[in-house]
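Read-outs throughout are calculated quantities, based only on the coordinates presented, and are distinct from any laboratory measurement. None of these values were measured; they are calculated from a predicted model. Please note: Cβ atoms are built from the backbone with ideal geometry, for glycine as well, and neighbour counts cover all protein chains shown.
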Amino acid sequence: MVLSFSFFSLMASAISGVAAERLCTNGRLFVADANSSSVHYFDLDGELEALTSTGKLLDGIAEIEGQAIYSVGDNEIAIVHRGVETAMYEDGSIYFYRAGTTLESHGDHVDVQKSEPSELQNAKINCARATHIVDHDDKIAVFCDGYFNPDPSQAQVNTTVYVVDKTLFSFTAEPTAIAHSVVLAGSHHGVAIPVDDDHLLVSVALPERVARVENSSALPNGFVVQDYNGNLLHNLNVADDKDRSCVGFHGSAAVEGKLALGCDSSHGGILLVDYEPTSAMYTSRSLLYPNGFADHRVGSFLEHPRARHIIGNFNSDLSFNMFAFDPTLESISDNHMLSLPAKACSSAYEQAEAKVIFTLLATGVVQIYNNSDESFASHVGAGMFVLALCVVAMKI
């Protein structure tokens, strides 16, 4: 059996005083089996090297191969099956689970209390090709890409967005935790971010995509902010205005009322959106990429409610970087960049204090960075350490 690790769920909740030569973890690691429907979890009660292949089987998961795992809070996970193309992805599904790890503070340290993982039964979603899941303002937005078909005489599955209210999570089926859903025009690969009580920032498909033009880009060209009744609150789909558009979007982050959207090199930067809850007003501006990186772009972001910075990957075909930025910055310089030896497949914060970042490289190496300093790039660049050469798959 080959297991593919989902590193976000390391749940390294009792980390403190991290040193280069030692990383103590007390938490839980969830692992999706790449060749079956099984999801396993491992209790980590010491050093990372203590991980064994005797993980417990998570109950209640549908018998579907190739599932993925997402963190949607300190103690919740989403288990996602995107569906298969021959079924137009309509067999896709999402299960939410309480991970069973909680923190108990004792002043000078934090203990991790553990219970069995349990399914949150009032939030299961049938979703065609869920790709982006965003946790913000006590809500989770699930973006279901759908199934694109350029032949108008044949069936197509349009994009659907679901909003799950985490405050309504329950171990029983009723009442539902799904607070809102909306079907969008066309099928595209975008994102939705929940804001406040009933606002939703959502990507907009290209007109060619809506018209089902063959080979049209799946990436959106911009965004709108709407309330749950469909009223337009802020337009971020204004052509030729870098402060109100995001060509070729991919990658988003949401930290309190500040939203970051990664745009392609033709836009040349990041679109930052600020929300002021008292006035319920939105403003937006572009944060341009540094000079000398014209062929680079952001593809994904990493954020944490207790982290000072948003972390982004910043790549070209031949150059691979991470960078850290505060959303209040006026500009990004190459001093914010950290060069990587290979492309980063994914990254994750440890959950308790967000002082450590796990990065899985395409080479199969996991690098662990200290992020406790105000300046991520300079601190890590000088003191980056690799804990171990960890394989990303294991046989049991």
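Note on D274 and N35: the extension gain reaches 81.8 nm, defined as 0.36 nm multiplied by sequence separation minus the Cα-Cα distance.
Count charges around A205 for me, please; just the other residues with Cβ under 11 Å from its Cβ, Lys/Arg as +1, Asp/Glu as -1. Spelling it out: positives minus negatives among the neighbours equals 0. Model label sites at E116 and E85, defined 7 Å from Cα along the beta-carbon direction, differ in position by 4.0 nm. Between H106 and D240, the FRET efficiency estimated from the beta carbon spacing at R0 = 51 angstrom works out to 0.35. Backbone geometry of the stretch 112-125 corresponds, through the Karplus equation with coefficients 6.51, -1.76 and 1.60 at θ = phi - 60°, to 3J(HN,Hα) couplings of 9, 9, 10, 9, 5, x, 9, 6, 8, 6, 9, 9, 5, 10 Hz, x marking Gly and Pro. Please identify which residues in the stretch 115-148 have an amide N closer than 11 Å to a label point set 7 Å out from the Cα of L168, following the Cα→Cβ vector. So the set is 122-123. Taking 0.36 nm per residue of sequence separation and removing the Cα-Cα distance, the N231/R212 pair yields an extension gain of 4.3 nm. Using θ = phi - 60° in the Karplus curve 6.51 cos²θ - 1.76 cosθ + 1.60, the 3J(HN,Hα) couplings for the stretch 338-344 round to 10, 6, 10, x, 7, 5, 7 Hz; x is entered for Gly and Pro. With the cut-off at 1.5 for a/c, could you classify the stretch 248-299 from its C-alpha gyration tensor as rounded, prolate or oblate? Prolate. Here C345, C263 are placed in order of increasing Cβ neighbour count within 10 Å, fewest first, which gives C345, C263.
Over 26 Å apart at the Cα level, from the set K139/K242; K114/K355; K258/K355; K242/K343, are K139/K242; K242/K343.
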